[in-house]
Amino acid sequence: MHTEIDKKIRSFLKGRLSEEEASAFKKEIAEDDTLRKAVDMQRKEIAVFEYWLKEDLKNKLAKWDKEDAKKEATQEPMYQTNRFVLWPFLGLLILLALVWYFYPKNEKSPVVPQEKIKPKAPIKKSKELESTPNNQGSKERIITEPPQAIKNTDKSKKLMPSAQQEELVALASDLHHMELSTLDLSGRNIDQKLTQAESLFEKQLYKDVIELLQKQAIDFQQKEQYLTQQELLGHSFFMEGKYDEAAKAFQNIAAQGHEADISHPAEWNMLLSWLSDYNKYRKKIDSLLKKMLDAPHVYGPQAKELKNKLDSL
Amino acid sequence: MSAEKWTDQEIITALQGSYKENERALRYLNSPKGWKPQLIGWVVNQGGTLEEAQQVFNETLLIFDQKVRFNQYQGYGTLNAFFTGISKNRWNKAFGERNKSEVDFELNKHDIATPNFFDHNMIEENQIRMLENLSTEIGIDCQKALLFMYFETPYEEIVAYFGLLNVEMAYKKVSRCREKMRALIDEIPFLQHFFQD
């Protein structure tokens, strides 16, 4: 039953042959009618197998969930017998809550000490922001900035299959994660609400960051504050999987920044956001990559690596 | 294999391995120690209910398993990021649909039945029924035997599973089941267009 040719056909259909092997095998199939018929038959078989596996997995998941629930339930009585041990802790918790409630608060509340909201990484990209000039009228820009760059589509090229697109989303998420690990917002002269947003961002409450920065009025008289707001929004949108909005925020930063320290990271993050829909933003991605490769760019090496990966898809 | 967290390579090897190994990896991913809590938390954080989170997880796991088995993970990002990418797509799709129609989140039966290498638009209700009839005619035992064959499970394991006397009997059983299936699927022409390589 597991004949060599049988195995080879299955490996071919499962994408487990090397590129060379696969193209040689395709050639063989085209030339051999019996082989072609065998491949067609296995295609049909695989369709049925995958249907069975789907049903099989559905049943297994239901069974496993029941088992896990049962396991949790059997652990509960042990907890119940010891629950009186928890009373002193509960009392302590109430006491702490009362202390916190009646503790005199000022604007710089000690609840979230400044040291805690400082990212772990040293200042890298935002250092020069402190010396950037004020920019009056930025508030208008946040509300009215049209998302021109994300409206275009390029249908002239072949569409990327969803499997590769998901690979790209995974890649973009990983690269963005690296960005976040080096992000440093400390040392900026920002207002109280942005400080609050930063604190939420540090706690990875991205939805709350978006809500706070989108709904509440913030004094955006200073360029620095506008950039911080857009940066927090951009990264939060990205983490929430709202890539279009993320791209828009990073685009706003790139449009403002004259210094490489500001515009280059923004462009890179914009590129990562666009990767979420390669078919839609292909033209934009290609053009930005070209720009990043043609002229000196902080993210030049990363852009080169990304371009190679995109070319190989 | 580590007791707590599996590495990416361990997960891939197991998913692409025998039926048993594949099941073990899926069991791990579905367990509290695996990737389930992370995804459930994410969906709930997006405003989804626990039931919706459970459905998104199940659907993601199904697609993820198929993609890994069919070598569609190329290793550009981590395996977890790949999994998260699939789940975000599934959630956004479902969430978008809910916004549009204002009806409760409900997974499309055809969508679940159609992994990414199937053409979604080609599966009709009557085709699902044909597959169900075919499964009934083949029977549970034969289905299991053929799935073992699909995962290239050693015949010794098949002998043990069915309580057979020897490898030859297992071989005969699988052969008979396969012949039966081939005769039946010959009558279902749409299957050939189901699978896109």
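Summary of computed values
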| quantity | calculated |
| --- | --- |
| Those residues of segment B:141-165 which are more than 10 Å from chain A (Cβ to nearest Cβ), assigned to a helix (DSSP H, G or I), surrounded by fewer than 19 Cβ atoms within 10 Å (Cβ to Cβ) and not hydroxyl-bearing (Ser, Thr, Tyr), in sequence order | B:ASP141, B:CYS142, B:GLU156, B:GLU157, B:VAL159, B:ALA160, B:PHE162 |
| Given (1) crowded, with 23+ Cβ neighbours inside 10 Å; (2) in contact (Cβ under 8 Å) with a residue 40 or more places away in the chain, index of the condition A:LEU271 fails | (2) |
| Breaking point among (1) within 11 Å of chain A (Cβ to nearest Cβ); (2) under 30 Å from A:LEU306 (Cα atoms), for B:THR13 | (1) |
| Segment B:125-178, subset among the charged types (D, E, K, R) and over 21 Å from the mean Cα position of the chain (by Cα), residue farthest from A:LYS8 (Cα to Cα) | B:GLU137 |
| Among the candidates A:GLN229, A:GLN204, A:GLN225, residue that is buried (at least 21 other Cβ atoms within 10 Å of the Cβ), at pLDDT below 85 and closer than 30 Å to B:ASN89 by Cβ | A:GLN229 |
| Test: residue in segment A:65-76 that is facing chain B (nearest Cβ under 7 Å) and modelled with pLDDT under 90 | yes |
| Extreme residue, modelled with the lowest pLDDT, among residues of segment B:168-189 that are open to solvent by 60 Å² or more (accessible area, probe 1.4 Å) and either farther than 18 Å from A:VAL48 by Cα or assigned to a loop (DSSP other than H, G, I, E, B) (or both) | B:PRO189 |
| Answer from B:ALA170, B:ALA183, B:ALA145 - the residue that is over 23 Å from B:GLN66 (Cβ atoms) and in contact (Cβ under 8 Å) with a residue 12 or more places away in the chain | B:ALA170 |
| Selection from segment B:131-140 of residues that are among the polar types (S, T, N, Q) and either open to solvent by less than 60 Å² (accessible area, probe 1.4 Å) or touching a residue at least 12 places away in the same chain (Cβ under 8 Å) (or both) | B:SER135 |
| Residue in segment A:19-35 that is surrounded by fewer than 17 Cβ atoms within 10 Å (Cβ to Cβ) and either within 9 Å of chain B (Cβ to nearest Cβ) or modelled with pLDDT under 90 (or both) present | yes |
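The values are calculated or read from the model by the stated rules, or taken from the named source; none is laboratory data. Computed from a predicted structure; not experimentally measured. We place every Cβ from the backbone using ideal geometry, glycine too, and count neighbours over all the protein chains shown. For accessibility, only protein heavy atoms count, side chains too; no ligands or nucleic acids. Shrake-Rupley method; radii C 1.70, N 1.55, O 1.52, S 1.80 Å.
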